[in-house]
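To start, the structure itself, in structure tokens.
The values are calculated or read from the model by the stated rules, or taken from the named source; none is laboratory data. Predicted, not measured: the structure shown is a model, and the values here were computed from it. Reconstructed Cβ throughout: ideal geometry from the backbone, glycine too, with neighbour counts over all protein chains shown. Accessible surface is based on the protein model in full, side chains and every heavy atom, while ligands, DNA and RNA are left aside. Shrake-Rupley method; radii C 1.70, N 1.55, O 1.52, S 1.80 Å.
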Amino acid sequence: MKVGIPRGLLFYHYYPMWKVFLEGIGAEVITSPPTSKEILNLGTKSSHDDVCLPVKIFFGHTVYLAGRKVDFLFIPRVVAVEKEAYTCPKFLGLPDVVRNTLENLPPLIDATVNVKRKDKSPLKAALEIGKQLGAPVSRIKSAYREACENHWNYRNLMLKGFTPDEAIDILFKERGWEKKEGGRDIKIGVIGHPYNVYDRFPTLDLLGKLEELGVEVVTGEMIRQEDIEHHAQFLPKRLFWSYERDIVGAAFYLIHKRKVDGIINVVSFECGPDSLITELLQSEARRNDNFPMMVITLDEHTGEAGLQTRVEAFVDMLRRRK
Amino acid sequence: MRVTFPHMGNLWLGLKTALQELGHEVIVPPKPSKRTLTLGSQRSPEFACLPLKINLGCFLEALEAGADTIIMAGGVGPCRFGYYGAVQKRILEDLGYNVRFIIFDPPQGRWREFLNDLRRVGNGKPLYKIFSALLFGIRKLEIMDYLEKIGHKIKAREVNKGETTHILEKTLHKLDDASSYREIRRIRKEALEELLSVQRKKIDPLRVAITGEIFVVLEPFVNMDVENELGKMDVEVERALYITDWVKEHLIPSIQGIRKHHLLEKMSKPYLGHFVGGDGQLSVASAVIYAKRKFHGMVHLMPFTCMPEIIAQSILPRVSKDLSFPVLTLVFDEHTGKAGVLTRLEAFVDLLQRRRVVEVH
Ligand code: SF4
Ligand code: SF4
């Protein structure tokens, strides 16, 4: 049985866990290739104009997989991953929007995960999915345990400084990675949703560009959760979106502790949460002796030349300040 | 303490009444205008949704008029509204204003914080006084909602366009001045009589539902006065939401509210199986409900980038097709012009009329 996992949105947060779980209950996992012009076009054609870029990209991956004869598409409804917060409203409605917008879809695996409710815990969701795929309960439970363990391995690799792509390769291709060291005189925090920061296509390979410019990059996933939690508390009010709270906590930590020379905040045009948290980050940077921060807004028309110039200018500026 | 709050339709009437009852000096911001919008947009994050920008514009205008305390509703997500206050506070601080914010988060289990805020607003008055002040404010809003509902029917039929609106506006200000239940009962009765004596045509108008994000639905300045414009085209409208629904949902959890919630879930279930914050589920449910009630069409209003409504907007074409129920979505931001909205409304009404003729034959 083939299950397709679109390479977009929460893929970057949870792919290893999902893959290990699904394989553990006997499915074959297929993913779409990295985002490309074709995938983006598939997405813009099939989704609503006013939707944010990451959702359009997700639609592109979904359409791609639907055309690859998978038996199921894996699009869970992730409502809440902690008791006191939600995810973005778009995740709350994602399976419905996919189902009501796209034609000729294979059946969806759209179990709800909502830790605010006992009947929607991750384990319950796992059991529901396992049942949908016809696996016995004992097997589901052991696959679930293994998947959780894998999730922490994944997180730990990212804490050590690997990007999701690298971490996934290490986990599943058993390939070792050498971290490049040396010759990096400045450090930049690249902060934003993982599906923005790490997707090379819409960011025009921002991380690669920075590396070429001799910059050491720190992302939110490389920062310990305790530090993120601690610094997120400086917000005027507890933020009720989990992933965004992580973003703010990470940026605040880097700013307050002067851990980097500057911050690049990657946001998508038409992103609801980003529109507010970027304001908070900018305000916090101003209040901390004008801590250097640059905002890059991604949309489907982001131009290579313009971005390159802006990034170079920012890096030069940071070098001069040193 | 000179208190103010943001505008949303007639909300000011209820809030002003309640706060004055508690002995506050109340500064009602000027009605939202081009200036409000410009002021607000200049100072707001570029991609914030329209209500935040207009709210901020209202605050800036109220501060000019001497307000020093802002009362604002809060929330615990998942839509942006719940975090508006926190961000607006930060923006005003960064602009150098020294202003006190009282942000009301919905009780949802945090009764202690809620009661604390309530006491601050309560101005040292005992709890029962606070509630009776609130109830008096809400009562006025209920009367306005009731009269507006009747007004929708009359607007479509009135001979002299604008007459109904005039009566409603007059009533609004009379209610504002009223200070006893007796007085408001009298005002209600008079207004009702006046409304019913409006000269009407004998026609069977098109019936169109209005739904969407509550702020845009309730604020005529923002939605280009779509209700009245439809009325001028002899269309009878019914709104899916009224201000008292919002107030009650946020302040007084009621059985009625829970029932409504279940109804929404049931009606939207085949298309949207989960709440998505804001009024997104309501918008989808509205299409199902009004199609069942044999309305001729529905106008769906939303601010640009509104997350819950983008979900509804993506799903509505399917609902519309399945139920053969025409839906027009209008998206608003600071650049929206009235002419464009009118053209689209006229085209939509045309379409509905043509469909009706076909049906009859
Ligand atoms: S958080 Fe922003 S970018 Fe992500 S899905 Fe929601 S609106 Fe889109
Ligand atoms: S419902 Fe829409 S417009 Fe209103 S606050 Fe939420 S996201 Fe903004």
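Summary of values
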{"quantity": "Average partner coverage of B:75-86, which counts Cβ from other chains inside 10 Å", "calculated": "6"}
{"quantity": "Rounded Å value of the spacing that divides the Cα centres of the stretch B:111-183 and the stretch A:111-146", "calculated": "49 Å"}
{"quantity": "Gaussian network model of chain B, Cα within-10 Å springs - most flexible of B:Lys260, B:Lys140, B:Lys89", "calculated": "B:Lys260"}
{"quantity": "Peptides ranked, highest mean first, by Cβ atoms within 10 Å: ranges A:193-203, A:156-166, B:344-354, A:303-313", "calculated": "A:193-203, A:156-166, B:344-354, A:303-313"}
{"quantity": "Average accessible surface area per residue within the stretch A:1-114, 1.4 Å rolling probe, Å²", "calculated": "33 Å²"}
{"quantity": "Interface burial for B against A (accessible surface, 1.4 Å probe, total of both chains, Å², rounded to 100)", "calculated": "3600 Å²"}
{"quantity": "Per residue accessible area of the stretch A:225-322, 1.4 Å probe, in Å²", "calculated": "41 Å²"}
{"quantity": "GNM flexibility winner over chain A from A:Pro33, A:Pro95, A:Pro16 (Cα, springs under 10 Å)", "calculated": "A:Pro33"}
{"quantity": "Relative contact order [Cα under 8 Å, 6+ residues apart], chain B, whole percent", "calculated": "16 percent"}
{"quantity": "For A:33-39, mean number of other protein chain Cβ atoms within 10 Å", "calculated": "0"}
{"quantity": "Total formal charge among the other residues, if their Cβ is under 15 angstrom from that of A:Asn104, Lys/Arg +1 and Asp/Glu -1", "calculated": "+3"}
{"quantity": "Calculated from backbone phi, Karplus (6.51, -1.76, 1.60) coupling profile of the stretch B:142-159 in Hz, x at Gly/Pro", "calculated": "4, 4, 4, 4, 4, 5, 5, 4, 5, x, 4, 5, 6, 3, 5, 10, 4, 7"}
{"quantity": "Inter-part distance where the stretch A:234-265 and the stretch B:37-62 are each reduced to a Cα centre, Å", "calculated": "24 Å"}
{"quantity": "Protein accessible area in the protein assembly as shown, 1.4 Å probe - carbon and sulfur %", "calculated": "52 percent"}
{"quantity": "Entries of B:Lys16/B:Lys89; B:Lys161/B:Lys189; B:Lys174/B:Lys201; B:Lys125/B:Lys174 with Cα pairs more than 24 Å apart", "calculated": "B:Lys174/B:Lys201; B:Lys125/B:Lys174"}
{"quantity": "Solvent exposure, largest accessible area first (probe 1.4 Å, DNA, RNA and ligands not counted), of A:Tyr144, B:Tyr83", "calculated": "A:Tyr144, B:Tyr83"}
{"quantity": "Anchor A:Lys259: lysines whose Cα lies under 23 Å away (excluding residues fewer than 8 positions away in-chain)", "calculated": "A:Lys160, A:Lys179, A:Lys180, A:Lys187, A:Lys209, A:Lys322"}
{"quantity": "Chain B: calculated mean residue ellipticity at 222 nm from DSSP helix runs of at least 4, using -39500 (n - 2.57)", "calculated": "-19000 deg cm²/dmol"}
{"quantity": "Leading residue at positive end of dipole, the protein assembly as shown (Cβ point charges), from A:Pro194, B:Gly82, B:Leu13", "calculated": "B:Leu13"}
{"quantity": "10 Å Cβ neighbours from other chains, averaged over peptide A:235-242", "calculated": "6"}
{"quantity": "Chain A - mean residue ellipticity at 222 nm from DSSP helices (-39,500 (n - 2.57) per run, n ≥ 4, rounded to 500)", "calculated": "-15500 deg cm²/dmol"}
{"quantity": "Centroid-to-centroid separation of the stretch B:192-211 and the stretch B:294-322 [C-alpha atoms, Å]", "calculated": "26 Å"}
{"quantity": "Residue of B:Asp225, B:Asp333, B:Asp177 that the Gaussian network model of chain B assigns the largest fluctuation, springs spanning Cα pairs under 10 Å", "calculated": "B:Asp177"}
{"quantity": "Protection-proxy order for peptides A:288-299, A:240-251, B:207-218, each taking the mean of Cβ atoms within 10 Å per residue, highest first", "calculated": "B:207-218, A:240-251, A:288-299"}
{"quantity": "Complex-versus-alone comparison for the stretch A:267-282, residues with a loss of 20 Å² or more in accessible area, probe 1.4 Å", "calculated": "A:Phe269, A:Glu270, A:Gly272, A:Ser275, A:Leu276, A:Glu279, A:Leu280"}
{"quantity": "Per residue value of the accessible surface for chain B (all protein chains in place, 1.4 Å probe), Å²", "calculated": "44 Å²"}
